[in-house]
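Notes for the one structure printed next.
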């Protein structure tokens, strides 16, 4: 039966694959991704560097003039063409049409989210559990290609000891941040020397004609490699064998690498794991590990699934087999038919194309140009394409003469370069099914997962009311279309605690567990013994490992550093983030002994006025941002790099009397102007209040542009700012009092005269710098019927810099890409989002302009496209699907906000919120009821068809709203 099942599965796969040949783009998910391997009509291979999906500058015309390469537009991709013989070409990087190339292989890693390329196979997504990669390699320095080599037989040149790699020393887990090596090299006269330090950066591989900035250039050193460097490097070297030769000052010297020795590692110690050993202290080891410490038995390296991450152009070690030797010798025989084969040399054949080399033992070449050499490039992957320098033609021709000596002997360790990859993946799908040996070209990467996308093995918490705090669960399966899950719930962490299975749990009623987030390939640290007893304290266990999978029973399957495999409770593990190099001290990065990796990211939320020192500190503490924000949320305080004079209330006492008197008079004038009739004309489309049972359902949907009644005064002033104002304790001293006050009065006059409908603004007589704003959800958007509450403060150098804005969230998680739960508002006018021209703040910008931006651009029909880079998905099948599902989430979050606002309206807008919901809540409820009961009148924004999970969650919220409304005809409890 099992064999028949496998036969049928293979037959179906073959039929589907056959069908894919003639499929149109509408029948499959099309498009290429970064690091895809492609080929053109001439079968030339290349690697995709950029697509319109990941090219941040593709639509930025202002920054395109200085870029060497053409910008990537829709239907085009940037490709690095691969030459398997280390050749240099000015045409390596080109922007080509997608239709002119074909996908050959796709780079995947465990933990990647994917879906079938073929749409007929369904819309569900899956997680890659494991990857099987086989490669073709070319023996460096020759034309010999070995095929179908498993990557497990190809250890990297750095022996997995590179920057960013997690290591274990004793029970301590650390991250490699830098390393120091010594090179032992041999010249042709037999002399040997040791090169170390910065001098190593002056050496390069003479057999690799690629430029150092080439996509496929490799800066690692290996035994047998022929290198070349300027004379100074060899003059400063330590000579250990033979006589130090006389070397001309203006020349280059060639040599062969004999040995690569790791002399020191710089470690960023993270955490102390549990191993059962009593030898480790509470203090970590030294930051610098010597060679002896690295070679000790208690030092281990976590490979990080590096084998699966191998790509075209990478170099690695390989041990020749007898079959490989026979193949190579056979190829040599075919090429040299006219030559007699020396049988004595059959077991060890030396190949060299350098027979015409007449140079002396000490080979010296004149230096050609000052830019012919450079330090070794950063070892980061292909994310950024740097400008390339054209090499001197004379140097290129000379380099073609030199090839390293290669010995073809079984058991010989040689250097090879990957020239082709073939990837197959095993995938666990959302419905719990499992597929193996899937060619990676049949899978489509899912780059943008929303917060409501779950997979088997995800740990979740219950967000529904009255859920017990100790309750958590593990997703058993998920229905992507219905947006529901089957969850195994746990009521405690003990083995004997209550457990139960619940089907059809709405994805909007659960959230990822804050502490238990395990994915295949994650590095984890053991925190305690599995039975939490003292009986096995003397039993040594591995303190760290990598996640294989999360089992259905909630245990986590881990491969430990000693290669043992076991399943442990999630409470005994912690995930270690080892890929964040940006937080490493800049002083360490500049250390001359170490080569440190780490990209400098430019945060869009950083203020333009921040100085370099603040930026450095901010970047270094970035991992603590979320913790700090949650911890300080209740303090109602804020700081800004734009406000160096921010302090306590007492700081105002020091103002001189003249300034105080002037402020007092200005405040009085401010109050007088605010007392003028500021009521706005009632909305022309004012709706008649009707009972929730008799409301005409059809009238709600026929008028798509109809808004809820918003008959609240647009602008008003109150005497004192309430203590709940987010910036209440944030007292400032204006840089220029006259300019500041004039700007405030101008803003007030403009708001009073031209405040748009749907916005309410309040000012405060005792604090001219503070405002509170209420924005009603615009009609025809997922936010219709909702209310959005903001606090604002004008900084001391206003209007030269934008105001500070805090959003008060009334729901869990984000309901909009630009509005964060902790209060951050991302919009270009505030400098917290990228923008250009009129989108950025100037001294001529205004609060009214800012409010319009929030109302019209943030609270829009399809907020999904507000995410950075997502606008490029507009019009695509992927974008349409994601936008509709995002709108489901936005509606749910908006209704959750309404539920909380009716129970806890903000103090400053108590009357406005109460009146609004008293009049409009029945209409809001009826609108949603009609969505649930009929699809004849869809909303103006993409939402239908409604998922099962959406209907379940929305129905429960409506039930709570109806209960609140029926218990009392007033909103306020």
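Read the figures in this text as sums done on the coordinates, not as results from a lab. On a predicted model such as this, the values are computed, not experimentally measured, just so you know. Counting neighbours? That spans all protein chains shown, and the Cβs are built from the backbone with ideal geometry, glycine included.
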> For the modelled label position 7 Å from the Cα of residue 243 along Cα-to-Cβ, which residues of region 184-208 have backbone nitrogen atoms closer than 20 Å?
Replying inline: 186-194
>> Can you compute the FRET efficiency between residue 188 and residue 716 using 1/(1 + (r/R0)^6), with r the Cβ-Cβ distance and R0 = 60 Å? Round to the nearest 0.05.
In response: 0.10
>> Rounded, prolate or oblate for region 835-973? Axes are the square roots of the Cα gyration tensor eigenvalues, ordered a ≥ b ≥ c, and the cut-off for rounded is a/c under 1.5.
In response: oblate
> Between residue 843 and residue 161, what length comes free when the chain is fully extended (0.36 nm per residue of separation minus the Cα-Cα distance, one decimal in nm)?
Replying inline: 240.3 nm
> Is the shape of region 711-971 rounded, prolate or oblate, going by the alpha carbon gyration tensor and its root eigenvalues a ≥ b ≥ c, with a/c under 1.5 for rounded and a/b larger than b/c for prolate?
Replying inline: oblate
> Gain in length, residue 738 to residue 269, computed as 0.36 nm per residue apart minus the alpha-carbon separation, to one decimal in nm?
Replying inline: 163.5 nm
>> Starting from 0.36 nm per residue, how many nanometres of slack lie between residue 42 and residue 466 once their C-alpha separation is accounted for?
In response: 146.2 nm
>> Per-residue counts of other Cβ atoms within 10 Å, averaged by peptide: what ranking do you get for 172-183, 955-966, 210-221, highest first?
In response: 172-183, 210-221, 955-966
> To the nearest 0.05, how large is the calculated FRET efficiency for residue 745 and residue 808 if R₀ is 30 Å and r is the Cβ-Cβ distance?
Replying inline: 0.65
> Of the peptides 808-816, 793-801, how do they stack up when ordered by the mean number of other Cβ atoms within 10 Å, highest first?
Replying inline: 793-801, 808-816
> What spacing in nm lies between the two simple spin-label points modelled at residue 910 and residue 119, each 7 Å away from Cα in the Cβ direction?
Replying inline: 5.5
> According to the square roots a ≥ b ≥ c of the eigenvalues of the Cα gyration tensor, what is the shape class of region 401-513, taking rounded for a/c under 1.5, prolate for a/b larger than b/c otherwise, and oblate for the remainder?
Replying inline: prolate
>> Can you compute the FRET efficiency between residue 152 and residue 962 using 1/(1 + (r/R0)^6), with r the Cβ-Cβ distance and R0 = 60 Å? Round to the nearest 0.05.
In response: 0.45
>> Quick check on packing: order 731-737, 37-43 by the mean number of other C-beta atoms within 10 Å, highest mean leading.
In response: 731-737, 37-43
>> If I model a spin label as a point 7 Å beyond the Cα along the Cα-Cβ vector, how far apart are those points for residue 332 and residue 567 in nm?
In response: 5.3
>> Please compute the modelled spin-label separation between residue 944 and residue 552, points set 7 Å along Cα→Cβ, answer in nm with one decimal.
In response: 3.8
